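The values are calculated or read from the model by the stated rules, or taken from the named source; none is laboratory data. In this text the structure is predicted, and so the values were computed from the model without any measurement. Backbone-built Cβ (ideal geometry, glycine too); neighbour counts: all protein chains shown.
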């Protein structure tokens with residue numbers, strides 16, 4: 001069924017379809033309409049779930065961590081400083097291998113205070129051991145939430161579903177609402193291997209030593225390092241599981257796409273503009289204009305940021321003259337985080353092949369600064385002509 | 001109110017294995033052992049980093065035979081909420097959820113989550129075992145460290161501020177049950193847990209825990225020190241049931257006796273109070289006497 005709704009509603013509908021049974025949230029703009037919607041579903045009895053109005057984001061994820069440990073499919077959502085306030089719990093959730101799904105409605109972080117969109121919040125959580133997926137439209141938001149639960153529960157790793165605040169969260173778009181029976185068939189009930197239960201007591205997340213240690217049966221149990229290494233291995237292998245999720249989803253709902261990348265006019269392109277989230281659709285407009293001028297340019301949306309689809313990305317960019325990475329976040333003191341990750345993937349797969357593209361970095365839309373399509377087009381036009389700067393260049397800056 | 005327990009009437013089943021990693025003479029070992037006997041098998045525990053994390057043992061060995069979720073420092077009460085919500089979603093209305101946190105994890109970093117859960121009225125029991133400092137990290141001051149106590153970060157002057165009255169804060173949440181207990185009176189603790197199990201919403205227990213390395217006394221005197229705190233009227237055993245305050249056990253008996261041991265005796269038994277001056281001790285004695293004058297008056 002096609003409906004017209006805003007991005008937050010798309011996420012809420014996805015969570016409802018997934019039958020999350022414990023939801024905890026603390027209000028922060030621009031996430032609020034999403035969690036308000038969920039509280040509405042629960043109060044009206046449309047959704048059989050416990051909705052916990054917690055007193056902080058730290059507690060929101062605490063509730064989800066405990067709920068997931070006790071066997072519930074749990075959900076929370078946040079933005080900006082709310083996500084930063086959660087940071088300790090974000091690390092805890094992945095370390096404890098809990099398949100929580102969290103929507104991050106991307107917003108700039110303070111100081112100074114700013115409530116508008118950029119992606120510094122979720123990018124700053126890059127190294128927390130979560131799967132991070134970026135959405136570019138409302139269909140992707142609802143579909144990604146559904147796929148995220150399937151993937152998370154398969155690999156026992158939590159998933160952040162990230163989408164741009166306001167640009168996606170508060171705008172209305174038509175999208176296909178999956179049928180509940182179809183979602184139930186796609187996503188079976190959550191049945192973890194172990195959950196907290198008095199009949200089967202276990203002590204979870206106890207102090208774990210640097211070295212391996214004998215258990216009571218005389219078998220070697222993992223040390224902290226083994227446990228963390230398994231998280232890394234399983235995250236890397238999650239790329240494969242993500243591809244399976246995409247295929248499975250297509251089987252049920254007919255929408256199939258490359259799970260990791262979203263290329264646009266890239267096949268014959270000499271230059272490719274790369275980004276995360278809604279900006280990639282804006283860059284498609286720029287690419288169309290530049291194509292009319294004869295600039296052979298395409299756009300590559302990166303959907304999975306962690307685990308990073310390094311091999312797929314390097315293969316897709318092989319032989320291109322230039323790569324232009326446009327980001328709404330920055331690793332302060334160096335360059336955009338996506339820029340660094342992309343360069344390292346290119347180095348790994350293309351070094352010595354003679355086909356390493358020139359890579360440039362542009363920073364745009366920080367703190368909600370309007371990204372004018374004319375400015376963006378001009379930036380891509382200039383970058384396609386040759387290297388603008390070694391340092392990241394801020395688009396629309398008026399210093 | 002059920003009959004008062006005796007040491008012989010306690011269940012013989014143990015929920016804590018012997019030989020834990022707790023310090024010799026640790027008051028928590030007593031309170032935890034007896035507390036779990038009262039809670040029983042159908043219980044899920046939540047524990048933040050604290051001395052109890054150490055007592056619980058190192059992976060893959062655990063000293064507690066009940067299911068236990070170790071959580072981040074500030075999130076004990078919120079995690080209890082999460083487990084409760086899940087039990088509710090699973091249609092389980094019988095399993096007890098209990099948080100066990102230290103005084104730092106309760107009165108300082110965990111207070112926000114505890115207040116949130118209490119305000120929501122989430123149906124679980126919260127135990128604050130109060131050894132009056134961050135003992136697990138090497139005896140630093142906490143919100144519940146008493147005035148005058150020497151700690152690792154109040155090394156010469158002793159703590160200059162009053163102990164935070166956490167049970168009063170929790171009582172202000174209008175809980176169905178708030179109790180102040182002591183590891184030196186384990187049967188009082190046991191009976192109080194049994195009494196509150198059927199009450200709705202959040203139940204709060206504050207347990208005074210003598211700590212040999214943190215307080216500075218020979219481990220063999222833990223019970224003696226704990227009892228002195230009560231017998232001097234310095235720390236009171238009580239319960240607040242639906243807003244009704246009542247002294248219990250040894251503190252209740254002190255009402256009849258109308259006689260307290262001088263608080264100096266309590267301070268003398270520990271090295272952490274060694275810099276308290278006579279004037280300071282007199283001030284504290286005055287405060288205690290005034291508090292008890294109030295108790296006596298209520299009793300008349």
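Looking across the range B:17-42, the residues that are within 14 Å of chain A (Cβ to nearest Cβ), under 19 Å from the mean Cα position of the chain (by Cα) and under 27 Å from residue B:86 (Cα atoms) come down to B:32, B:36, B:39, B:40. In the set (1) facing chain A (nearest Cβ under 10 Å); (2) assigned to a helix (DSSP H, G or I); (3) surrounded by 23 or more Cβ atoms within 10 Å (Cβ to Cβ), the condition left unmet by residue B:115 is number (3).
All of (1) more than 7 Å from chain A (Cβ to nearest Cβ); (2) part of a helix (DSSP H, G or I); (3) touching a helix residue (DSSP H, G or I) at 6+ places or on another chain (Cβ under 7 Å) hold for residue B:84 with one exception: (3).
Quick one: which residue in B:159, B:164 is under 19 Å from residue B:109 (Cβ atoms), without any contact (Cβ under 8 Å) to a residue 60 or more places away in the chain and touching a helix residue (DSSP H, G or I) at 6+ places or on another chain (Cβ under 9 Å)? It would help to see each step written out before you state the result.
Numbers: B:159 fails: touching a helix residue (DSSP H, G or I) at 6+ places or on another chain (Cβ under 9 Å).
Answer to the check: B:164.
For the range B:212-262, how many residues meet the condition of being over 17 Å from residue B:165 (Cβ atoms) and part of a helix (DSSP H, G or I)? Count: 24. For the subset of the range A:58-89 comprising residues that are outside any helix (DSSP H, G or I) and over 15 Å from residue A:160 (Cβ atoms), which member is farthest from the other protein chains (Cβ to nearest Cβ)? So the residue we want is A:73.
Residues in the range A:75-113 that are free of Cβ contacts under 8 Å to residues at least 40 places away in the same chain, over 26 Å from residue A:193 (Cα atoms) and surrounded by fewer than 23 Cβ atoms within 10 Å (Cβ to Cβ): A:85, A:109, A:110, A:111, A:112, A:113.
Being under 30 Å from residue A:215 (Cβ atoms) and either at pLDDT 95 or above or more than 8 Å from chain A (Cβ to nearest Cβ) (or both): is that true of residue B:136 here? Yes, satisfied. Can you confirm whether residue A:215 is under 30 Å from residue A:357 (Cα atoms) and without any contact (Cβ under 8 Å) to a residue 60 or more places away in the chain? No, not satisfied.
Out of all the residues in the range A:19-44, which are in a loop (DSSP other than H, G, I, E, B) and away from chain B (no Cβ under 14 Å)? Hits for the range A:19-44 are A:28, A:29, A:30, A:31, A:44. Applying the criterion of being part of a helix (DSSP H, G or I) and within 7 Å of chain A (Cβ to nearest Cβ) to the residues of the range B:88-112, the residue that is nearest to residue B:167 (Cα to Cα) is B:112. Determine whether residue A:55 is away from chain B (no Cβ under 14 Å) and surrounded by fewer than 24 Cβ atoms within 10 Å (Cβ to Cβ). Here the answer is no, as residue A:55 does not meet what is asked. Filter the range A:90-122 for residues that are more than 21 Å from residue A:18 (Cβ to Cβ) and assigned to a helix (DSSP H, G or I); which is nearest to the other protein chains (Cβ to nearest Cβ)? Going through the qualifying residues, I end up with A:92. Among the residues of the range A:138-170, those that are surrounded by fewer than 22 Cβ atoms within 10 Å (Cβ to Cβ) and assigned to a loop (DSSP other than H, G, I, E, B) comprise A:156, A:166, A:170. Selection of the range B:45-67 for residues being crowded, with 23+ Cβ neighbours inside 10 Å, facing another protein chain (nearest Cβ under 7 Å) and in a loop (DSSP other than H, G, I, E, B) yields only B:67.
For residue A:239, are the conditions met, namely being under 20 Å from residue A:94 (Cα atoms), surrounded by 15 or more Cβ atoms within 10 Å (Cβ to Cβ) and in contact (Cβ under 8 Å) with a residue 40 or more places away in the chain? Write out each step before concluding.
Numbers: under 20 Å from residue A:94 (Cα atoms): yes; surrounded by 15 or more Cβ atoms within 10 Å (Cβ to Cβ): yes; in contact (Cβ under 8 Å) with a residue 40 or more places away in the chain: yes.
It is true that residue A:239 is under 20 Å from residue A:94 (Cα atoms), surrounded by 15 or more Cβ atoms within 10 Å (Cβ to Cβ) and in contact (Cβ under 8 Å) with a residue 40 or more places away in the chain.
In the range A:190-213, of all residues being within 8 Å of chain B (Cβ to nearest Cβ) and out of contact with any helix residue (DSSP H, G or I) (no Cβ under 8 Å at 6 or more places or on another chain), the one that is farthest from residue A:150 (Cα to Cα) corresponds to A:213.
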